[in-house]
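Quick notes on the structure that follows.
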Amino acid sequence: MSATDVPTISCRGVWKVFGARAERVVGSALADLPRAELEAKTGCVAAVKDVSFDVPEGCVFVVMGLSGSGKSTLVRCLSGLIESTAGQVMIDGEDIAGCPPEWLRDLRRDRVSMVFQHFGLLPHRRVLDNVAFGLEVAGKPKAERHARAGDMLDLVGLSGLGDSYPDELSGGMQQRVGLARALANDPEILLFDEPFSALDPLIRRDMQDEVARLQRELKKTVVFITHDLQEALKLGDQIAIMRDGRFVQVDTPEAVVARPVDDYVRDFVRDVPRGHVLTAGGIMGAPLDADETEGTVAASTLVSELLPIVVATERPVAVIDDDGRVCGTVDRLSVLRALAEDPAPAHIDGVPA
């Protein structure tokens, strides 16, 4: 494997068990006991159980699950804020468990930034100084850190507010300050731990749009923790569904919606508007000769946008990739199947599958 093939973040068999003699739970049948029973028998709580995944450079990896599923514990293991009980957490191929404290401090100061649900702003400091705080800790000169902080405030849409104090800002604006602070040291990795959970729905949507915009511009490597499926579908290149400390499914947003691996994931995605997630490329059939099709659509076209196109023609529509090559076809039946609750029904309105 070449250096360019090494994932920015790689976890292999990561466990985090809280309690005395935690190592006896790792890999044992005890780990499969219900939480209350495990704690009663051993005094331990298994928060993360045998989790493995990779996050390539520039990708957004979303971990979602209900409260108590272990997702926040996992993200703290990635930065070394919590030490894993077993397994490997590697940043650029280096196992953080084997690194000296100085390396870990440098990692958290220069290469990894976290954004939490609670903003953690210093109330007695101006917004500009809050954004510049990490640079101040790193010993950067005042003029340099203030210039950088001002640039970051511009980037997150808070130009001109550097002299304000946190309590003069709305919740959404305060979270933008937290985001600017996380970006100020130009980190390689951003870790988000349910950052928008405390915001009202409209502000939350604006912040999701802001993160999506910044990611398009900056191409950071991101791990984003959430319990909101719509948020996960909107932001993630890959989504991991977590339950009781384990990953149940890791896949693209489209695949999670179209092909849930079990009833637990199926319940999560049941109310998702499939037409706004699934694409022509995800539902297409085999390519056909040009004289058998009518028109073309891009593989990235959402199923909701396909519906009027396939209704307007009796023939299949050709699907083209980013290079303009035909890679498949879609028709009325494939779109109806995609929109149905069952991803592969036996028939629709009497039409055999």
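Can you give the local net charge around Pro101? Use residues other than it whose beta-carbon is closer than 13 angstrom to its beta-carbon, Lys and Arg +1, Asp and Glu -1. Mind showing how you got there, number by number?
Details: positive: Arg105, Arg108, Arg109; negative: Glu83, Glu102, Asp106.
Combined, the nearby Lys, Arg, Asp and Glu give 0.
If you roll a 1.4 angstrom probe over the protein chains with everything in place, what fraction of the accessible area of the range 13-53 belongs to carbon and sulfur, to the nearest %? Let's see the in-between values first.
Numbers: 1050 of 2030 Å².
The nonpolar share, carbon plus sulfur, comes to 52 percent.
Add +1 for every Lys or Arg and -1 for every Asp or Glu among the other residues with Cβ under 15 Å from the Cβ of Lys220, and state the total.
Net of charged neighbours comes to -3.
Please list, ordered by chain and number, the residues whose modelled amide H lies under 5 Å from the amide H of Asp92; skip anything fewer than 5 residues away on the same chain.
Those lying under 5 Å, H to H, from Asp92 are Ile9, Ser10.
For the range 251-328, which GluC sites (Glu not before Pro) are both in a DSSP coil and crowded by at most 12 other Cβ atoms within 10 Å?
Glu314
Please get the size of the charge dipole for the chain, origin at its Cα centre, with Cβ charges of +1 on Lys and Arg and -1 on Asp and Glu, quoted in debye to the nearest 20.
Charge dipole of the chain: 1260 debye, to the nearest 20.
Tell me, what is the per residue accessible area of the chain in Å², probe radius 1.4 Å?
Numbers: 17200 Å² over 353 residues.
Heavy-atom accessible area per residue stands at 49 Å².
Could you identify which residue out of Ala29, Ala298, Ala97 has the top mean-square fluctuation in a GNM of the chain using Cα springs shorter than 10 Å?
Judging by the Gaussian network model, the answer is Ala29.
Relative contact order (percent) for the range 273-347, with alpha-carbon contacts under 8 angstrom and 6 or more residues of separation?
35 percent
At a Cα cut-off below 24 Å, give the lysines reachable from Lys16, other chains included and same-chain residues fewer than 8 away excluded.
The reachable lysines, counting only those whose Cα sits under 24 Å from Lys16, are Lys41, Lys49, Lys71.
Identify which of the listed values of percent of Cα pairs over 39 Å apart was calculated from the structure shown: [x] 9; [y] 43; [z] 27.
Here percent of Cα pairs over 39 Å apart agrees with entry [z].
Which residues' amide hydrogens lie under 5 Å from the amide hydrogen of Met242, considering only partners 5 or more residues apart or on another chain, with H built in the peptide plane?
Met64, Gly65, Val248
Looking at the range 1-49, I'd like the Rg to Rh ratio, where Rg is from alpha-carbon atoms and Rh is Kirkwood's inverse mean 1/r.
1.22
Is the C-alpha gyration tensor of the range 150-297 telling us rounded, prolate or oblate? Criteria: a/c under 1.5 is rounded; beyond that, a/b larger than b/c is prolate, otherwise oblate.
prolate
Local charge sum around Leu135 (other residues, Cβ-Cβ under 12 Å, Lys/Arg +1, Asp/Glu -1)?
Taking every Cβ under 12 Å from that of Leu135, the sum is 0.
Around Ile225, which amide H atoms from residues at least 5 apart in sequence, or from another chain, sit under 5 Å from its own amide H, with H modelled in the peptide plane?
Under 5 Å from the amide H of Ile225 lie the amide H atoms of Val63, Phe192, Asp193, Glu194, each far enough along the sequence or on another chain.
Each residue of the range 181-189 in turn: what ³J(HN,Hα) in whole Hz from Karplus with 6.51, -1.76, 1.60 and θ = phi - 60°, glycine and Pro shown as x?
4, 5, 8, 4, 8, 6, x, 6, 10
For the range 261-329, build the charge dipole from Cβ charges (+1 Lys, Arg; -1 Asp, Glu) around the Cα centre, then report which of Ser304, Ala290, Cys327 sits farthest towards its positive end.
Ser304
Relative contact order for the chain: what is it in percent, counting Cα pairs under 8 Å that are at least 6 residues apart? If you can, show how the numbers build up before the last one.
Numbers: 643 pairs, mean separation 56.4, N = 353.
For the chain, the relative contact order is 16 percent.
Restricting the count to DSSP beta bridges whose residues both fall in the chain, what percent are antiparallel, rounded to a multiple of 5?
Working: 27 of 49 bridges.
Taking every DSSP beta bridge within the chain, about 55 percent pair in antiparallel fashion.
Give me the Debye-computed log₁₀ of I(q)/I(0) at q = 0.16, 0.23, 0.24 Å⁻¹ for the range 296-342, equal point scatterers on Cα only, no solvent, two decimals.
Taken in order of the listed q values, log10 I(q)/I(0) reads -0.40, -0.78, -0.84.
When we measure straight from the Cα of Lys219, which lysines land under 19 angstrom away, once same-chain ones fewer than 8 places off are left out?
Straight-line reach from Lys219, under 19 Å: Lys234.
The values are calculated or read from the model by the stated rules, or taken from the named source; none is laboratory data. Model, not experiment: these values are computed from the prediction. Positions of Cβ are generated from backbone atoms using ideal geometry, with glycine treated the same way; all protein chains shown enter the neighbour counts. Accessible surface areas use protein heavy atoms only, side chains included; no ligands, DNA or RNA. Shrake-Rupley method; radii C 1.70, N 1.55, O 1.52, S 1.80 Å.
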